[in-house]
1. When you scan the stretch 244-251, do you find a residue that is over 25 Å from Ala74 (Cβ atoms), crowded, with 19+ Cβ neighbours inside 10 Å and under 16 Å from the mean Cα position of the chain (by Cα), even just one?
2. Could you please let me know if Leu83 is within 21 Å of Leu293 (Cβ to Cβ) and crowded, with 24+ Cβ neighbours inside 10 Å?
3. Can you tell me which residue among Ala198, Ala215 is touching a helix residue (DSSP H, G or I) at 6+ places or on another chain (Cβ under 9 Å), assigned by TED's automatic domain parsing to the domain that holds Lys130 and modelled with pLDDT under 95?
4. Kindly establish whether Arg142 is modelled with pLDDT of 95 or more, under 24 Å from the mean Cα position of the chain (by Cα) and of a type in the set (Lys, Arg).
5. Among the numbered criteria (1) within 23 Å of the chain's Cα centre (by Cα); (2) farther than 30 Å from Asn312 by Cα; (3) buried (at least 16 other Cβ atoms within 10 Å of the Cβ); (4) at pLDDT 95 or above, which one does Pro78 miss?
6. Could you check the stretch 68-97 and list, in sequence order, the residues that are in contact with a Pro (Cβ under 8 Å, 6 or more places away or on another chain), part of a helix (DSSP H, G or I) and aliphatic (A, V, I, L, M)?
7. Which of the residues belonging to the stretch 42-55 are within 17 Å of Arg262 (Cβ to Cβ), of a type in the set (A, V, I, L, M, F, W, C) and in contact (Cβ under 8 Å) with a residue 12 or more places away in the chain?
8. Could you check the stretch 5-31 and list, in sequence order, the residues that are part of a loop (DSSP other than H, G, I, E, B), touching a helix residue (DSSP H, G or I) at 6+ places or on another chain (Cβ under 7 Å) and at pLDDT 80 or above?
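The values are calculated or read from the model by the stated rules, or taken from the named source; none is laboratory data. It should be emphasised that the depicted structure is a prediction, and the values quoted were computed from it without experimental measurement. Here the Cβ positions follow ideal geometry from the backbone for every residue, glycine too, while neighbour counts run over all protein chains shown.
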Amino acid sequence: MAVALTCGPAVSTAFAADAYPSKPIKVILPFATGGQSDVVARLIAERLSLGLGQPLVVENVAGAGGMIAAASVARAAPDGYTLFLPNASTLTIAPHLQKGSSVKPSAFTPITTVTQFPLVLVVNSNSPYKSLADVVADAKARPGKLSFASPGYGTTPHLMGETFKREAHLDITHVPYKGGAPALNDLLGGQVDLYFEAPATLAPQIRAGRIRPLAVTGKARMGSMPDVPTVAEQGMPKLTLESWSALVAPPRTPADIIARLRVETEKVLKSEDIASKLRERGFEATSSTPEELARMVREEGAVWSQLIKERNISVD
């Protein structure tokens, strides 16, 4: 959880890059086992262990929007043997929703981004909507009658829905669920009308023809959904969003260790077989410098903070 990540010179320690690592590395994931984020984390960790010469053990610590996991990493020794693999929501949204959290904005040392992906706006296959324009027209004709699902308050799909409402000046009801599976089930059952979600979650139902994609929030169309236009193509460029996951470390982790981790992680992400496996799951491999990652967190955090204040969103 961070609004800004520390990326200045790390404190000097006895650890040197050529001696690191000398024992297994723990990777904390703020999600439950079995989900797409878990699959991706284990895929990357397995390959990264080859480059580092030590096992990477993924530990799932779900709960409180990622804050339980974040707190444990923030308290960990800055020796490179505890890493954190959160998504953008944990780093840019949660701090503004859970103001009582003990984890402060400077809680982590950035390493690199790992994956990125857009959200997809979908409807039930029986829905009359075929485009964003259809949704906007009906929502304006029937204020308060349409609804959109989310996996819970403060999640990226929730805030994406709130952004849609703001930009199109719509009165649509938010229906939060305890996770993506029940939200998708109610969309399939016709209990809710709209759902912004990651493509990895939606792809099986899209392929089965049970839900219809109307728009993707990425800067470009997805290779796996070439016929689905972007939000910008449909006249709503302010809905453009590409979510991401990133690798970070506890505060004050030495710069030489951060550099070694970044180099080895980038090698993994640039390997075609890993990139292909990620793409199959709806993710694109990506990497950044620590400074670029820190800037992303600051800038996106400011955007979400403004939206949260405007819409009076809170989980406290």
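1. So the first thing to find is which residues in the stretch 244-251 are over 25 Å from Ala74 (Cβ atoms), and the list is none.
Taking every residue of the stretch 244-251 in turn, none turns out to be over 25 Å from Ala74 (Cβ atoms), crowded, with 19+ Cβ neighbours inside 10 Å and under 16 Å from the mean Cα position of the chain (by Cα).
2. Working: within 21 Å of Leu293 (Cβ to Cβ): yes; crowded, with 24+ Cβ neighbours inside 10 Å: yes.
Judged against the criteria, Leu83 is a match.
3. Working: Ala215 fails: modelled with pLDDT under 95.
Criteria check complete, one pass: Ala198.
4. no
5. Every condition holds for Pro78 apart from (1).
6. Matches in the stretch 68-97: Ile68, Ala69, Ala70, Val73, Ala74.
7. Ile44, Ala45, Leu48, Leu52 - these are the residues of the stretch 42-55 that are within 17 Å of Arg262 (Cβ to Cβ), of a type in the set (A, V, I, L, M, F, W, C) and in contact (Cβ under 8 Å) with a residue 12 or more places away in the chain.
8. Within the stretch 5-31, Tyr20, Pro21, Pro30, Phe31 meet the criteria.
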